[in-house]
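Here, each number is a calculation from the coordinates, and none is a lab measurement. As the structure is a prediction and not an experimental result, all values here were calculated from the model. Neighbour counts are summed over all protein chains in view; Cβ atoms, including those assigned to glycine, are modelled from backbone coordinates with ideal geometry.
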2 protein chains.
Amino acid sequence: MSRESDDLAELDKTSRIQTQNQTPAADEDLEDLALGEDYALNPEYVPLVADALDRGDAERLRDLLSALRPEDIADLMGFLSPPDREELIPHLDPETLGEVIAELDTEIREDVLEHVPSATLAKALGEMESDDAADVVDDLEEDKRAQVLAAMPEVERAAIETTLGYEEETAGRLMQREVVAAPQFWSVGQTIDHLRADSEDLPELFFDVYVVDPAYKPVGAAPVSHLLRTRRDVPLAQIMEPVTEIPVGMDQEEVAYIFNKYHLISAPVVEPGGRLVGQITVDDIVGVIQEETEEDILALHGVSDAGRDASILGITRSRFWWLLVNLGTAILASSVIAIFQGVIAKLAVLAVLNPIVASMGGNAGTQTLAVAVRALATRELTAANAWRIIWRETAAGLLNGLAFAVVMGLVTVLWFHTPMMAVIIGLAMVINLFAAAVAGILIPLALDRMGYDPAQSAVVFLTTVTDCVGFFSFLGLAALLLF
Amino acid sequence: MSRESDDLAELDKTSRIQTQNQTPAADEDLEDLALGEDYALNPEYVPLVADALDRGDAERLRDLLSALRPEDIADLMGFLSPPDREELIPHLDPETLGEVIAELDTEIREDVLEHVPSATLAKALGEMESDDAADVVDDLEEDKRAQVLAAMPEVERAAIETTLGYEEETAGRLMQREVVAAPQFWSVGQTIDHLRADSEDLPELFFDVYVVDPAYKPVGAAPVSHLLRTRRDVPLAQIMEPVTEIPVGMDQEEVAYIFNKYHLISAPVVEPGGRLVGQITVDDIVGVIQEETEEDILALHGVSDAGRDASILGITRSRFWWLLVNLGTAILASSVIAIFQGVIAKLAVLAVLNPIVASMGGNAGTQTLAVAVRALATRELTAANAWRIIWRETAAGLLNGLAFAVVMGLVTVLWFHTPMMAVIIGLAMVINLFAAAVAGILIPLALDRMGYDPAQSAVVFLTTVTDCVGFFSFLGLAALLLF
């Protein structure tokens, strides 16, 4: 709760200095045109670039590109035709090209990587952080990969190979090897002097200087903003804060949980022995969180690996298996109906009402399921409070079951004028909504306990339960009470 | 790709300095016990705290709490009984209490806020960042709010009231008013000197010094790591980078999109006139991203405002309305079956097979829907590429329709030995999976175009379409071809 910095504005009122990044008016117009108000690339900008490419107008192209940041150029690539995309590549300097490649969607990235000469790519990779560079190398075809690695300086190549040695989706793959570390006996002044002297070799951005012991184990971290505001003679050991060490083999989902929990900006990554080997920064984590929640949302609906292979055949194939499993469960549920075929033949109205109970169970169950899956992901559902949540969900399921028993009972009386049918559908509703709540919470808990992703197959199991229980309770009660 | 800092470790090999934060062995044992390997609170730690509370053992309690960070204490509160929770509060100093309150789940937070004396709460709020403090004040009952605000110093109260003046879920609510700004004519050295002199008034952590013009409009940002490594005589204007300004009224989902797109760590927030009024940092964004994706995942399943009111009655009520809408659509679908009641009476096997086509359509449609909703959220689905994605999805839907026509046709022949029935169910499958794909993509697109949240009610519309089309095509074809 500090610092109304109006005094600073005051200080500056008399002097008006032209800054270096001031751009001429023409470029500002392009900047306004390039991006929408929400910083999304303006679709109208695409034909301008395509046109300049077609005319081979390098100067116009440079102006157009200068209004875009690498992330925008990556978006632009997504809208360009493949030949235009290829033509654009030579117009990007190695640093920009590296950043653009890091941002591209997998599908387009593969296409672009094919068309970048190995030497250019090697240079671009050298400009990237080691984690991003390793990601790109990992995506290359085997031949190209060998060529590119051969074209890189020894140190950079070794860094990439080490990173690729860690398992996918672990801290080791997520981290960058570039860190700033200082021994604990250094003072703030010594540290700053060292940074200034070494400024060429430093990571582009960093948020903490890790304080290490003689064995290169992190013992604390000095946030750069603390370094800036502390007197030069204060020892680092005095201003450093405790660090949250990330083991190099930790799963990225756990890393994201820790960053989110402690609001970390960066954290040191350590080898099993405790030696500092790299750092993870929060901007990598934002990507992971989005990726993991995305996986949850898609897995819940039986879509896996979206975007990996986005051809029509690829999509068809990837969804086929989930649908096949669903067909199996639908047939299973239908065989429950088949048991009561004789009853339906006598009273066709049962076939009309039959899907309602099952459908309500499916919907109520997925409500519970969605809550349980997210609570597991955010660690709000644990062994310690599982019983409380099971009780809460089943009680809510039972109450809604009773509510809809009344509602559907009334509808049935009004529709078919048979009170007994109303009683039957009401009872079936209570049974199925209760079963839906129990299954909605127990299925993801059981999957999680057994080490599976609770989102992945939970819906199939759930709807199998709610369909079978729904059909069986409604038709069974009808057979029992009507004939 | 830089800085193998072994030289630093080397430098330190001879000297072994005892650091200040070195903790005695006993406390380290507690720390090991407190948290699991994944930094989640160990459930076994809870009874230890409860026990110390019951015995009124303040010293033991201090030891136990010192092994926890505020985020862990917030987790602990979730596991304690309400009376234990109340008793714990006086053992926390204002700064810790503030941080704990900021981390609590809504439900528990409301309970805790009731039991913290207004004066203590006012002190705790003073230690928090303005955005977090405003959130807490927003949650207070009216009486308590007035008391707490009255107990705060004028400046802090004004800051909170200004923040609460902005609409919920906008940049204004998300930002902290604490920023570090410097005029563009300052040198690096001047800036550092100023920060050191003013260190009391600075935000706890900051990542950028915003460079402002005389009207206090941001013209650039100097990352603190750049300040640290640049010579003292270099002017700020020379090392500053372009900033991405966030308008104070921007929706938090858009803010998150921008942070994610450009990998921002912090960004200045400006008033409509362009004046700097605060900053948003990436740790706030991590929360927003999780919240927004969470909303999507729950909205897709008809769960709204999860956790807001987590009592059994509250949950029952919040889910009731969605289920009621679903009941309406289920009855609508059943009335399609009712049209064909006569046909079913003649051939009950139709009632057995009838749910299968509808169920497959629902599942295939939600696959498409989940992809479309996420693509809209991440701006991968735009007006420019909508047609390509519509084509891709409907083609995939048609292909899977054909595939399952064959599979289900074979199953039907094997099960009921009626080839004509196999033809009917196959045709219905193709029709419904095609309809599912079209509806799965067009419904969220239309909702989005009309300014609604595409996740919110899409599933209801979708399953209405797939149920009705499924029942009608199967039973209609049967009526046409069998009798």
Residue exposure sequence - B:His91, A:His417 - by fewest surrounding Cβ within 10 Å = A:His417, B:His91
key: Low-density loop positions, GluC sites (Glu not before Pro), the range B:128-164 - DSSP coil, at most 12 other Cβ in 10 Å   = B:Glu141
ask   = Can you give the helix-only mean residue ellipticity at 222 nm for chain A, where every DSSP H stretch with n ≥ 4 adds -39500 (n - 2.57) and the sum goes over all residues, rounded to the nearest 500 deg cm²/dmol?
value = -21000 deg cm²/dmol
ask   = Using 0.36 nm per residue, how much length does the chain from A:Ser66 to A:Glu291 gain when fully extended, once their Cα-Cα distance is taken away?
value = 78.0 nm
query = How large is ³J(HN,Hα) for each residue in the range B:89-100, as worked out from phi by the Karplus curve 6.51 cos²θ - 1.76 cosθ + 1.60 (θ = phi - 60°), to whole Hz, x for Gly and Pro?
reply = 3, x, 7, 9, 6, x, 5, 4, 4, x, 5, 5
key: Gap separating the Cα centres of the range B:88-127 and the range A:102-127, nearest whole Å   = 51
request  = Starting from the Cα of B:His417, step 7 Å along the direction of its Cβ; do the same at B:Asp111; then give the gap between the two resulting points in nm.
outcome  = 6.5
ask   = Hey, got the average number of other protein chain Cβ atoms within 10 angstrom for residues in A:316-323?
value = 6
request  = Give me the distance between the Cα centres of the range B:27-58 and the range B:169-234, rounded to whole Å.
outcome  = 40
query = Averaged over peptide B:193-200, how many Cβ atoms belonging to another chain are found within 10 Å of each residue's Cβ?
reply = 4
ask   = If you take the C-alpha gyration tensor of chain B, multiply each eigenvalue by 5 and take the square root, what semi-axes do you get, largest first, in whole Å?
value = 56, 31, 24
message = What number results when the radius of gyration of the range B:246-287, computed over Cα atoms, is divided by 2.2 N^0.38 Å?
response = 1.07
request  = Using only the alpha-carbon atoms of the range B:172-297, report the extent along each of the three principal axes, biggest first, to the nearest angstrom.
outcome  = 52, 29, 27
query = Sorted by mean Cβ packing within 10 Å, highest first, what order do the peptides A:316-323, A:170-177 take?
reply = A:170-177, A:316-323
remark   = Checked against a 28 Å limit on the C-alpha separation, the offending pairs among B:Lys123/B:Lys261; A:Lys261/B:Lys123; A:Lys217/A:Lys261; A:Lys261/B:Lys261 are B:Lys123/B:Lys261
message = Could you check the spin-label model distance between B:Asp138 and A:Glu31? Points 7 Å from the Cα along Cα→Cβ, value in nm.
response = 3.1
note = Taking every residue of A:152-164, the Cβ atoms of other protein chains inside 10 Å of its Cβ average out to 1
query = Quick one: Cα centre-to-centre distance for the range A:358-423 and the range B:319-352, in angstrom?
reply = 20
request  = State the Kirkwood hydrodynamic radius of the range A:312-482 in Å, one decimal place, computed from all pairs of distinct Cα atoms.
outcome  = 16.9
remark   = For the A:Arg388, B:Arg55 Cβ pair and Förster radius 30 Å, calculated FRET efficiency rounded to 0.05 is 0.70
ask   = Rounded to two decimals, what is Rg over Rh for the protein assembly as shown when you use alpha-carbon atoms and the Kirkwood radius?
value = 1.00
task = On each of the three principal axes of the Cα atoms of the range A:412-473, give max minus min coordinate, whole Å, ordered largest first.
result = 50, 16, 14
task = Over the Cα atoms of the range A:20-165, compute the convex hull volume and normalise it per residue, giving Å³.
result = 123
inquiry  = Which lysines, if any, have their Cα less than 30 Å from the Cα of A:Lys346, not counting same-chain residues under 8 positions apart?
reply    = B:Lys346
task = Taking the Cβ of each residue in A:Arg229, A:Arg60 as the centre, tally the other Cβ atoms inside 10 Å and list the residues starting with the fewest.
result = A:Arg60, A:Arg229
ask   = Over the Cα atoms of the range B:376-445, Rg to Rh with Kirkwood Rh, two decimal places?
value = 1.18
